[in-house]
Amino acid sequence: MLTVRNLRKTFVTPQGSLEAIKDVSFQVEKGEIFGVIGFSGAGKSTLIRCLNRLEEPDSGQIFINGRDITLLAGQSLREARKKIGMIFQHFNLFDSRTVWKNISFPMEVARLPTREIAKRVEKLLEVVGLVDKADAYPAQLSGGQKQRVGIARALAMEPELLLIDEATSALDPLTTRSILKLLQDINRQSGVTVVLITHEMDVVRQICHRVAVMEEGRLVEMGDVQEVFNEPKSKTTQLFLQQMIFNSKENDKNSSSAGIERAFGARSGPCEGAVLIGEVNRYAG
Amino acid sequence: MQDDLWLLLLTGTEETLYMVALSTLLAILLGLPLGVTLVVTAPGHVLPVPTVHKFLGALINATRSFPFIILIVILLPLSRLLVGTTLGATAAVIPLAIGSAPFLARIIENCLKEVELGKVEAAIAMGAQPMEIVAKVLIPEATASLIRGLTLAIITITSFTATAGAIGAGGLGSLAIRYGYLRYRDDVMLATILTLIILVQGMQWLGNRVALAVEHRRYRFK
Ligand SMILES: Nc1ncnc2c1ncn2[C@@H]1O[C@H](COP(=O)(O)OP(=O)(O)O)[C@@H](O)[C@H]1O
Ligand SMILES: [Mg+2]
């Protein structure tokens, strides 16, 4: 469904040039949820933004259903974008529009008939569970509710491909879980292909079918989620796994009655967590 | 205090409001397209044309660097051409509008630039055209700050009308000069100044109220 071949992107700034994407290739099957995981600065956002040309790749090809997106311009590019939904970390909702009007935006742009728009908005409000918030403004919503609006808006044009850039990174763990569940349900019901980028292992484990690990502009590992996490080959994957084990240990600690005591006790010497965090920081820059 | 005071004040206020209203309207007609073009033609924006962007920026700066009184004198022939006279409120509207349009354009530019680029990108990602992005994203998202900026511009235009009044435009400014200054009518001088203060306070109050009403913020610091 999606094929990316030899994608490259270098940012040229007055401070010098930076190779954000170095020869990236991958394939995503129809109906699949494909995750890209990596530390901050690995190039994940740049990669996903190239897929709908918010970022202009320097070279390489991006085929969506056999059509090379990199060759499009003007109206044909805009038409192609209408079939690619995008969900943002910071939601990017329109504050001057109600929830209803935010969801109708892409359909207004596509000049769908008013009745069709109304029908779809009603349905989407149900799908994302915001029927009672139709007339609310984004300022009146919680983070999770805002992202639900973002999801509804991205689905309005019944996209073939859904691009998700850290959709849950600004949300708490419980809300994250419910948003991921929603995305999973949508994927199962509509069969939409999803490319999702994240720096959270849990996100990948919960909903991705396959995963690619990104490190300094390259995909260093790729495969089924189980496979990659069972036999981690790259440094990044290993660090992610260690961090996850550390997190779950922390959770155990905090839930036990002696948790506080132990947490204070850990201050006396460099604990396992601090060493790991130090390592992660050095590595992620 | 003499009994012609109220009549003088009434006519003066009327003329001032007329000049302010008409020149604001014309300034918006000139300044809005100018401000919008300035924003969207900037490098990296939705319709990047750097040469147009640079040219408009230079043009605006050039117009803005004229002292207003000089601009009026330069534009007098234009007033005569368009209105048939160089005297009176209507004639003053021409230089007032042309003099404040670049200022308004800059204000509009600033307001539109404040709109988070994430929103613009979201619209681009949905396949919106540049003009749709202006009409459906940039302007609606900037409405509250546009109203605040417009209030600022209207108040500046009000003070411009007082300057224009000094050279025959009519209105409260000319009242203050002709009666308050030249004829030593202290009552007219004082009343004119008070009226201008009340007008400006009223405009600011109204602007704040309208801006607050169109804004959908979470926390409303009044
Ligand atoms: N517009 C830009 N100009 C210059 N450098 C950029 C730009 N966007 C991203 N970068 C750089 O590219 C690298 C990858 O960034 P990004 O794709 O945002 O990473 P991630 O999403 O994985 O955190 C970073 O080093 C970042 O500083
Ligand atoms: Mg990112």
* To do: Check the range A:200-208 and report whether any residue there is part of a loop (DSSP other than H, G, I, E, B), more than 16 Å from ligand 1 (Cβ to nearest atom) and open to solvent by 10 Å² or more (accessible area, probe 1.4 Å).
  => yes
* To do: Those residues that are open to solvent by 40 Å² or more (accessible area, probe 1.4 Å) and without any contact (Cβ under 8 Å) to a residue 60 or more places away in the chain, I need them from the range A:17-62; list them, please.
  => A:SER17, A:LEU18, A:GLN27, A:GLU56, A:ASP58, A:SER59, A:GLN61
* Structure fact -> Of the candidates A:LEU71, A:LEU2, the one satisfying the condition of being more than 14 Å from chain B (Cβ to nearest Cβ), away from ligand 1 (no atom under 16 Å from the Cβ) and without any contact (Cβ under 8 Å) to a residue 24 or more places away in the chain is A:LEU71
* To do: Can you confirm whether the range A:93-109 contains a residue that is of a type in the set (Gly, Ala, Ser) and within 14 Å of another protein chain (Cβ to nearest Cβ)?
  => yes
* Asked: Scanning the range A:117-130 for residues that are assigned to a helix (DSSP H, G or I) and under 25 Å from the mean Cα position of the chain (by Cα), which turns out farthest from the other protein chains (Cβ to nearest Cβ)?
  -> A:GLU126
* To do: Only one of these is farther than 23 Å from B:THR86 by Cα and surrounded by fewer than 16 Cβ atoms within 10 Å (Cβ to Cβ): B:GLY57, B:GLY44, B:GLY31. Name it.
  => B:GLY44
* Please list, ordered by first then second residue, the pairs with beta carbon atoms under 7 Å, 6 or more apart or interchain, first in the range B:34-55 and over 14 Å from B:ILE108 (Cα atoms), second of a type in the set (Phe, Trp, Tyr). => none
* **helices (runs of 4 or more DSSP H) within the range B:122-222 that include 3 or more residues surrounded by fewer than 22 Cβ atoms within 10 Å (Cβ to Cβ)** => B:130-133, B:139-165, B:186-214
* Can you name the condition, by its number, that A:ALA156 falls short on among (1) open to solvent by 50 Å² or more (accessible area, probe 1.4 Å); (2) within 13 Å of chain B (Cβ to nearest Cβ)? -> (1)
* Structure fact -> Here the residues within the range B:177-222 that are without any contact (Cβ under 8 Å) to a residue 60 or more places away in the chain, out of contact with any Asp or Glu (no Cβ under 9 Å at 6 or more places or on another chain) and within 14 Å of another protein chain (Cβ to nearest Cβ) are B:ALA213, B:ARG218, B:TYR219, B:ARG220, B:PHE221
* **Top-ranked residue of the range A:27-44 - restricted to ones that are among the hydrophobic types (A, V, I, L, M, F, W, C), more than 18 Å from A:LEU180 (Cα to Cα) and within 11 Å of ligand 2 (Cβ to nearest atom), ranked as farthest from the other protein chains (Cβ to nearest Cβ)** => A:PHE39
* Structure fact -> Counting only residues in the range A:140-152 that are within 14 Å of another protein chain (Cβ to nearest Cβ) and open to solvent by 10 Å² or more (accessible area, probe 1.4 Å), the one farthest from ligand 2 (Cβ to nearest atom) is identified as A:GLN140
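The values are calculated or read from the model by the stated rules, or taken from the named source; none is laboratory data. These numbers come from a predicted model, not from an experiment. Methodologically, a virtual Cβ is constructed for each residue, glycine included, from the backbone with ideal geometry; neighbour enumeration extends over all protein chains shown. We work out accessible area using only protein heavy atoms, side chains counted, and drop any ligands, DNA or RNA first. Shrake-Rupley method; radii C 1.70, N 1.55, O 1.52, S 1.80 Å.
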